[in-house]
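One structure is given below, encoded as structure tokens.
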Amino acid sequence: MDRYAHIIGWGMAAPSQVLTNEDLSRRVDTSDEWIISRTGIRERRIAAEDETTASLAVEAALSALDPTPLNPHDLDLIIVATSSPEHIFPATACIVQDRIGAVKAGAFDLSAACTGFIYALNLAAQAIRTGSIDNALVIGSETLSRFVNWEDRSTSILFGDGAGAFVLQGSDEPGGIYSCIMRSDGSGEALLTLPAGGSKLPASPLTVEKNLHTIRMNGREVFRFATRVMASSTREAAEKAGWEMTQVDLVIPHQANLRIIEAAARNLRMPMDRFVVNLDRYGNTSTASIPIAVCEALEQGRIQDGSRLVFVGFGAGLTWGALALEWVEPRVRIPPLRRRQRALLRFLASVRSFLRRIIRRIEGLIWGTSAQGKRRD
Ligand code: ACO
């Protein structure tokens, strides 16, 4: 029997702090009019000091799990797609795993810049479709504001912070994720990069002095590349799913620049009302942009049972990709009483994490001392 991967839960998190174009024009030589006409962005959300990529991911994940019949311990896999991970290691996904109490889940981060969410969704769906796992949590989470050079007017206007998450589950019912294409071209590595902080250029006084820990971008080249691949990959993913473009109800593109989305619509000969656009309020939230756009489209009733959707994205790498899916309304929603149970589970997850840290310390004292003792002998 064929097995399908369905999205049964979705959630998002957006920091409450808003940075408008007017605010930016007080920091760098730009204007509201320039930013809107060149990008379509009006404002973006910026993480507060106590908000991080992991904390936003946890918030989105819990809200995605909330209406599903699953508890965190039912999850088999957590993937966090991110361009602004909490650390180089451990993976942000492991921090999420601990905070939500997903005690049976494998967890890893996926780095494919803004295309990361599409890659992650595809990998989780494939694992479900092969029967290897049943339930997965896929998150796109970013605090790119921490890597922006606030004196660079060509990049500081673009990016925002936020997170979006989907819960995926295997089922015999046709629908869900049908096809995906994943592409890359590393010859464009220099077009969009965060030069230092990795193994090639570890942090040093010089890298800090030269501001190499912030985003560098050749905007014109990235723009040209994006307009080239958005339409072709949308078409390819739809074809692979066996659909004509006329059968696609809604395209949910990566929210980088309104002009890029309009160019894709023109190339696909599709009207703009079949594209979801919310970049005016969030800017480019990288891996979080597609799931946030899906959450809002669902809230607005633009996605219904049976809707045929294509997600399409591009980003640093260069990477790009598109994914076709048929939306199937989740058949099971949980009663409010179980939500209270969830709050208890959340509390227990934090107690469990605390106890594990204490136990590890005690074990370290006991075994560490005796091991040293042996060496001394
Ligand atoms: N305000 C005013 N003027 C500006 C600003 C600004 N914020 N930024 C640049 N300019 C100036 C430039 O200095 C230039 O002036 P010059 O002609 O005197 O040299 C002029 O405006 C035109 O600059 P361009 O770079 O050609 O402007 P363009 O129309 O290409 O818009 C932009 C720039 C918005 C960055 C555009 O190229 C773009 O959106 N590119 C794609 C970027 C993108 O999507 N990146 C994310 C990828 S996803 C990921 O992986 C994270």
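Residue check: Thr30 meets all listed conditions (1) assigned to a loop (DSSP other than H, G, I, E, B); (2) in contact with a strand residue (DSSP E or B) (Cβ under 6 Å, 6 or more places away or on another chain); (3) hydroxyl-bearing (Ser, Thr, Tyr) but one, namely (2).
Mind listing whichever residues of the stretch 339-353 are without any contact (Cβ under 8 Å) to a residue 40 or more places away in the chain and either at positive phi or basic (Lys, Arg) (or both)? Of everything in the stretch 339-353, just one residue is without any contact (Cβ under 8 Å) to a residue 40 or more places away in the chain and either at positive phi or basic (Lys, Arg) (or both), namely Arg340. Every condition in (1) in contact with a strand residue (DSSP E or B) (Cβ under 6 Å, 6 or more places away or on another chain); (2) in a helix (DSSP H, G or I); (3) over 24 Å from Arg44 (Cα atoms) holds for Arg266 except the one numbered (1). Residues in the stretch 152-179 that are touching a Ser or Thr at 6+ places or on another chain (Cβ under 7 Å) and assigned to a loop (DSSP other than H, G, I, E, B): Arg153, Ile157, Leu158, Gly160, Asp161.
Check the stretch 323-339 and report whether any residue there is within 16 Å of the ligand (Cβ to nearest atom), in a strand (DSSP E or B) and buried (at least 21 other Cβ atoms within 10 Å of the Cβ). No, the stretch 323-339 contains no residue that is within 16 Å of the ligand (Cβ to nearest atom), in a strand (DSSP E or B) and buried (at least 21 other Cβ atoms within 10 Å of the Cβ). Only residues that are over 23 Å from Glu299 (Cβ atoms), under 20 Å from the mean Cα position of the chain (by Cα) and among the basic types (Lys, Arg) were counted across the stretch 3-51, and they come to 0. Scoring Thr214 on the criteria (1) surrounded by fewer than 13 Cβ atoms within 10 Å (Cβ to Cβ); (2) farther than 25 Å from Leu123 by Cα; (3) under 21 Å from the mean Cα position of the chain (by Cα) leaves a single failure, condition (1). Just one of the numbered conditions (1) in contact with a strand residue (DSSP E or B) (Cβ under 7 Å, 6 or more places away or on another chain); (2) modelled with pLDDT of 95 or more; (3) not aromatic (Phe, Trp, Tyr) is not true of Asp50: (1). Filtering the stretch 1-58 to residues that are of a type in the set (Gly, Ala, Ser), away from the ligand (no atom under 11 Å from the Cβ) and crowded, with 19+ Cβ neighbours inside 10 Å leaves Ala5, Gly9, Gly11, Ala13, Ala14, Ala47, Ala54, Ser55, Ala57. Restricting the stretch 205-253 to residues that are polar (S, T, N, Q) and either assigned to a helix (DSSP H, G or I) or touching a Phe, Trp or Tyr at 6+ places or on another chain (Cβ under 9 Å) (or both), the residue that is nearest to the ligand (Cβ to nearest atom) is Thr227.
Go through the stretch 266-281 and give me each residue that's under 23 Å from Gly301 (Cβ atoms) and away from the ligand (no atom under 16 Å from the Cβ).
Met270, Pro271, Met272, Asp273, Arg274, Val276, Arg281
The values are calculated or read from the model by the stated rules, or taken from the named source; none is laboratory data. It should be emphasised that the depicted structure is a prediction, and the values quoted were computed from it without experimental measurement. As a convention, Cβ positions derive from the backbone with ideal geometry for all residues, glycine included, and neighbour counts pool all protein chains shown.
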